[in-house]
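First comes the structure, then the notes that go with it.
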Amino acid sequence: MLEISGVSAGYGRLTALKSVDLQVRKGEIVFVVGPNGAGKSTLLKTISGLMAPSSGSIAFNGEKISGLAPEKLCRKGLALVPEGRSIFRTLTVQENLLLGSMIRKDKAEAAADLDSVLDIFPILKSRYRGVAGHLSGGEQQQLAIARAILQRPALLMIDEPSLGLAPLVIDQVYESLRQLNNRGLTLLVVEQSTARILDLASRIYVLRNGHVALEGTAGDLADGHALEEAYFGYGERQAAGE
Ligand code: ATP
């Protein structure tokens, strides 16, 4: 579904992504993990058209999409929940959700999708007419994801869904990701922490200093050893004599 080949991107002289290859297949839930500054957000910004790659190509369902504007990509079925959630805090939960489905022409189906989203995120049903800014961090994260789903994306990308959330709340957010994936949604999720991802991931990429240090299925990486080594860059450090 998503094919990233040799993509580099950066900010002025800083190269934040160095020849990254990454694939997401239909129905998968793929995690990209890596330490602070590894390039994870840059990767999502580049896929979603907020940044242009300096080299390499990105294809979505066989069509080259690198260089297209974010709104075009949105219409092609790519949705991004950015880091920090970006909900409209002064609007109600209902109004935030309606904004999610605004670009859709299939109004009847959009209404049905709203019902199913409220099933997956029951907390949003109970806060439906409340102001979004009064929701807790975890509830705001769920609202941001729910709003993105109402765009009916083929691929949903989420930047650090667990950021700033308490462990129990992360469990709830991850459970909703599982349910969405079980219903057929393809997901690309970026996380700083490797905790919890093995249970949920189809495949995992470790990004370090802008390059892919490791890629494998959750089964391949189940014992966590290789994952830790790539995450902390032990091999690279040894080679550099650290
Ligand atoms: P984090 O977990 O902290 O969000 P990340 O893996 O998402 O980290 P990025 O935000 O993609 O990493 O940053 C990759 C590199 O690009 C870092 O060195 C960072 O300092 C730099 N960077 C990110 N955003 C900008 C920007 N707007 N201008 C200049 N440099 C930036």
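Pairs are defined by a Cβ separation below 9 Å, a sequence spacing of at least 6 or placement on different chains, a first member in the range 21-44 that is in contact (Cβ under 8 Å) with a residue 24 or more places away in the chain and more than 16 Å from the ligand (Cβ to nearest atom), and a second member that is open to solvent by 30 Å² or more (accessible area, probe 1.4 Å) and of a type in the set (D, E, K, R); the pairs so defined are Asp21/Glu3; Asp21/Glu215; Val24/Glu3; Ile29/Arg178.
Name the residues in the range 114-145 that are touching a helix residue (DSSP H, G or I) at 6+ places or on another chain (Cβ under 8 Å) and of a type in the set (Gly, Ala, Ser), would you? Correct list: Gly130, Ala132, Ser136, Gly137, Gly138. Picking from residues in the range 11-20 that are assigned to a strand (DSSP E or B) and open to solvent by 10 Å² or more (accessible area, probe 1.4 Å), the one that is farthest from the ligand (Cβ to nearest atom) is Ser19.
For every residue, the table says whether it meets (1) under 27 Å from Tyr234 (Cα atoms); (2) assigned by TED's automatic domain parsing to the domain that holds Leu97; (3) surrounded by fewer than 17 Cβ atoms within 10 Å (Cβ to Cβ).
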| site | (1), (2), (3) |
| --- | --- |
| Leu135 | no, yes, no |
| Leu143 | no, yes, no |
| Ser176 | no, no, no |
| Asp199 | yes, no, yes |
| Ser202 | yes, no, no |
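Flag: Lys64 matches the condition of being open to solvent by 70 Å² or more (accessible area, probe 1.4 Å) and without any contact (Cβ under 8 Å) to a residue 12 or more places away in the chain. Scanning the range 103-134 for residues that are outside any helix (DSSP H, G or I) and either under 12 Å from Arg152 (Cβ atoms) or of a type in the set (S, T, N, Q) (or both) yields Ile103, Arg104, Lys105, Asp106.
The values are calculated or read from the model by the stated rules, or taken from the named source; none is laboratory data. Predicted, not measured: the structure shown is a model, and the values here were computed from it. For neighbour counting, all protein chains shown are included, and Cβ atoms are generated from backbone atoms with ideal geometry for every residue, glycine included. Ligands, DNA and RNA are stripped out before the accessible areas are found, and what is left, the full protein with its side chains, is counted by its heavy atoms. Shrake-Rupley method; radii C 1.70, N 1.55, O 1.52, S 1.80 Å.
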